[in-house]
């Protein structure tokens, strides 16, 4: 019987699919989330390296302008463990480092930490429907910074929630996998700010930052050229609601209030996957913002290795 695989996750097709779908191995696209793992005791790890090069910014009307920003490199490791056949635990620790733009480098920084539970309602991996629920822990630097480049956190606890669906179907005698998702983060606390912060305050400031919700939604396509080689494409939208900052500059006794505008960014992410086996693969590609407003435009080159245990 032919099968569909994501890492070592083997998906048993229906009787009709058995005659139509070739055996296909996947690593997963650059950005899309994946369903809860299908078998208790399974574990997955996917270390990424991402380099971000600033290439401008979008203003409030969507026009592209020059932007002074630093080049950055990030390492994050997607980790997942199947508690049951339907419930998985997800964790994404991230480190980053930035430099350039005539500003002191940030040093290696540990970012805010997302973790969540993922529950798959369907008994199979494809088609599937999964819901996410978890938190973002405020462990990244965000206040009393030496310079703004050190800001890699928001200083607030946030609830993470979302939905995900996945389907594999035959396309010109090859396997095509489609993923659709929507994920959001709702802050449930405020951040105490001192001096330079990731909220844009300067030295001498004392006050609080109220972060707005953030999220993303999109779709990914993965087309199997051969059993081992896959072309992937992400199409997704990032958004962030307004942040509110209130406080006082101590030396001048000047009260400060600012409310940022909503921001949005549409991205495309072409990539190429190669899978050595159903248990291990690799992916490399680039994520490019193509439109947006009130947002930085950064070209991101990414590569990752995926392993299933």
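Details
- From 193, 133, residue being part of a strand (DSSP E or B) and exposed (fewer than 15 other Cβ atoms within 10 Å of the Cβ): 133
- You will find that of 20, 46, the residue that is in contact with a strand residue (DSSP E or B) (Cβ under 8 Å, 6 or more places away or on another chain), farther than 22 Å from residue 284 by Cα and either assigned to a helix (DSSP H, G or I) or modelled with pLDDT of 70 or more (or both) is 20 and no other.
- Of all residues in segment 295-309, those that are surrounded by fewer than 19 Cβ atoms within 10 Å (Cβ to Cβ) and either more than 17 Å from the chain's Cα centre (by Cα) or free of Cβ contacts under 8 Å to residues at least 24 places away in the same chain (or both) total 2.
- Any hit, segment 244-258, residues being surrounded by 17 or more Cβ atoms within 10 Å (Cβ to Cβ), under 25 Å from residue 163 (Cβ atoms) and touching a residue at least 24 places away in the same chain (Cβ under 8 Å): no
- Considering segment 196-241, the residues that are under 20 Å from the mean Cα position of the chain (by Cα) and farther than 30 Å from residue 281 by Cβ include one that is surrounded by the most Cβ atoms within 10 Å (Cβ to Cβ), namely 211.
- Applying the criterion of at least 2 residues that are within 30 Å of residue 204 (Cβ to Cβ) to the strands (runs of 3 or more DSSP E) found wholly in segment 242-309 leaves 244-249, 254-259, 295-308.
- Filter result (buried (at least 18 other Cβ atoms within 10 Å of the Cβ) and over 24 Å from residue 267 (Cβ atoms)) within segment 24-41: 24, 25, 36, 37, 38
- Index of the failed condition, residue 104 passing every other in (1) surrounded by fewer than 20 Cβ atoms within 10 Å (Cβ to Cβ); (2) at pLDDT 95 or above: (2)
- Filtering segment 271-278 for residues that are on the phi < 0 side of the Ramachandran plot and without any contact (Cβ under 8 Å) to a residue 24 or more places away in the chain leaves an empty set.
The values are calculated or read from the model by the stated rules, or taken from the named source; none is laboratory data. Here the structure is a predicted model, which means the values were calculated and not measured. Cβ sites come from the backbone with ideal geometry, for glycine too, and all protein chains shown count toward neighbours.
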